[in-house]
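Novice: Here it is, the structure, as structure tokens.
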Ligand code: MLT
């Protein structure tokens with residue numbers, strides 16, 4: 001069959017038939033950092049550093065010209081959504097935003113049906129944020145598209161994990177070995193903490209967590225981190241601290257007595273920052289609640305790298321979109337070779 005006959009052919013007989021796509025190569029998706037090797041992480045961080053230089057120079061790349069990317073955000077977001085959208089524009093892709101309100105999901109259509117509809121319009125990549133842990137992996141199994149996790153419930157937030165690693169790699173002059181970060185606050189509901197733990201462990205840094213017992217998951221040590229009984233102990237001599245927001249939207253009832261008490265016992269403040277090494281830095285994934293989990297003087301202070309995290313977020317998302325789009329292009333070529341080898345000859 002010639003290329004033009006193939007392109008003008010009617011939809012195949014099984015178009016719309018329910019299929020699973022679990023056979024897609026792993027690089028087509030980014031679902032989490034669990035199980036990643038250090039080398040693969042470093043490759044992505046290097047690519048993100050390349051894109052950061054490009055963004056700083058105000059340049060635009062052609063890497064994803066013509067690729068449609070759906071940004072399906074079923075939970076609120078500022079940093080992640082805006083940076084994915086900007087990254088798609090900077091790579092000359094076609095970003096298509098989708099929210100619950102304004103889509104057919106508000107009329108009762110299922111998540112899968114809505115996204116299968118979108119994919120049928122030749123959308124290659126879907127960036128998904130969803131309130132349920134596992135929703136993104138489910139979509140990756142059932143959609144013929146690359147699926148990128150932009151945060152699923154309390155499970156993982158891999159692009160946040162990567163941007164945190166890039167920020168720490170800079171702050172730690174390129175060496176993760178022998179470095180330790182304290183992650184403080186609502187660890188139980190934090191997908192950010194989980195992705196950070198998987199990533200930091202893979203690159204050779206160590207993690208100490210601390211927080212109220214009601215916000216600390218049982219068996220957290222199994223993820224390879226130490227648990228400190230107090231914020232002071234976690235932060236003493238640390239090379240960095242990451243403060244976490246109290247994620248009330250993921251709690252069925254309040255798990256802390258009051259925000260005032262939380263700030264006093266678990267908040268990251270100047271006095272506690274002084275316990276860390278002199279060159280240690282302060283991270284927060286945002287959004288932050290000033291003077292609850294972190295004081296204003298620390299957020300705006302000299303040790304804070306929260307805005308570097310945001311800048312690195314845009315660069316990491318360029319690198320991730322590029323990686324998944326390349327893998328999709330390769331998959332498409334392999335399929336074409338299978339159905340019409342003469343076109344590829
Ligand atoms: C997230 O999406 O998990 C955020 O970036 C962190 C938060 O909401 O506290």
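Novice: Considering only the stretch 172-186, state which residues are on the phi < 0 side of the Ramachandran plot and modelled with pLDDT of 95 or more.
Specialist: Scanning the stretch 172-186 gives 172, 175, 176, 177, 179, 180, 181, 182, 183, 184.
Novice: Okay, moving on. Kindly check whether there is at least one residue in the stretch 106-128 that is within 16 Å of the ligand (Cβ to nearest atom) and either under 15 Å from residue 152 (Cα atoms) or touching a residue at least 12 places away in the same chain (Cβ under 8 Å) (or both).
Specialist: Taking every residue of the stretch 106-128 in turn, at least one turns out to be within 16 Å of the ligand (Cβ to nearest atom) and either under 15 Å from residue 152 (Cα atoms) or touching a residue at least 12 places away in the same chain (Cβ under 8 Å) (or both).
Novice: While we're on this one: Looking at 300, 291, which one is without any contact (Cβ under 8 Å) to a residue 12 or more places away in the chain and in the same structural domain as residue 246 (by TED's automatic domain parsing)?
Specialist: When all the criteria are applied, what remains is 300.
Novice: Determine which single condition residue 5 fails, assuming it passes every other condition in (1) assigned to a helix (DSSP H, G or I); (2) at pLDDT 95 or above; (3) exposed (fewer than 12 other Cβ atoms within 10 Å of the Cβ).
Specialist: Result: residue 5 fails condition (2) only.
Novice: When only residues in the stretch 146-186 that are more than 20 Å from residue 240 (Cβ to Cβ) and more than 16 Å from the ligand (Cβ to nearest atom) count, which is surrounded by the fewest Cβ atoms within 10 Å (Cβ to Cβ)?
Specialist: Filtering the stretch 146-186 for residues that are more than 20 Å from residue 240 (Cβ to Cβ) and more than 16 Å from the ligand (Cβ to nearest atom), the one surrounded by the fewest Cβ atoms within 10 Å (Cβ to Cβ) comes out as 147.
Novice: Can you give me the number of residues within the stretch 62-84 that are more than 16 Å from the ligand (Cβ to nearest atom) and either closer than 16 Å to residue 158 by Cα or surrounded by fewer than 16 Cβ atoms within 10 Å (Cβ to Cβ) (or both)?
Specialist: Residues meeting the conditions: 3.
Novice: Residues 132, 103: which one is over 22 Å from residue 318 (Cβ atoms), surrounded by 15 or more Cβ atoms within 10 Å (Cβ to Cβ), in contact with a strand residue (DSSP E or B) (Cβ under 9 Å, 6 or more places away or on another chain) and without any contact (Cβ under 8 Å) to a residue 40 or more places away in the chain?
Specialist: Matching residue, one of 132, 103: 103.
Novice: Please go through the stretch 264-285 and give me each residue that is surrounded by fewer than 19 Cβ atoms within 10 Å (Cβ to Cβ), free of Cβ contacts under 8 Å to residues at least 40 places away in the same chain and not in a loop (DSSP other than H, G, I, E, B), ordered by number.
Specialist: Within the stretch 264-285, 264, 270, 271 meet the criteria.
Novice: Among the residues of the stretch 187-203, how many are over 12 Å from residue 225 (Cβ atoms) and either within 10 Å of the ligand (Cβ to nearest atom) or not in a helix (DSSP H, G or I) (or both)?
Specialist: Of the residues in the stretch 187-203, 6 are over 12 Å from residue 225 (Cβ atoms) and either within 10 Å of the ligand (Cβ to nearest atom) or not in a helix (DSSP H, G or I) (or both).
Novice: In addition: Provide a single number: the residues in the stretch 220-255 that are away from the ligand (no atom under 15 Å from the Cβ) and buried (at least 18 other Cβ atoms within 10 Å of the Cβ).
Specialist: Summing the residues that are away from the ligand (no atom under 15 Å from the Cβ) and buried (at least 18 other Cβ atoms within 10 Å of the Cβ) in the stretch 220-255 gives 10.
Novice: Name, by its number, the condition in (1) closer than 26 Å to residue 144 by Cα; (2) surrounded by 22 or more Cβ atoms within 10 Å (Cβ to Cβ); (3) over 21 Å from the mean Cα position of the chain (by Cα) that does not hold for residue 293.
Specialist: (1)
The values are calculated or read from the model by the stated rules, or taken from the named source; none is laboratory data. All of these numbers come straight from a predicted model, not from anything done at the bench. FYI the Cβ positions are ideal-geometry reconstructions off the backbone, even for glycines, and counts take in every protein chain you see.
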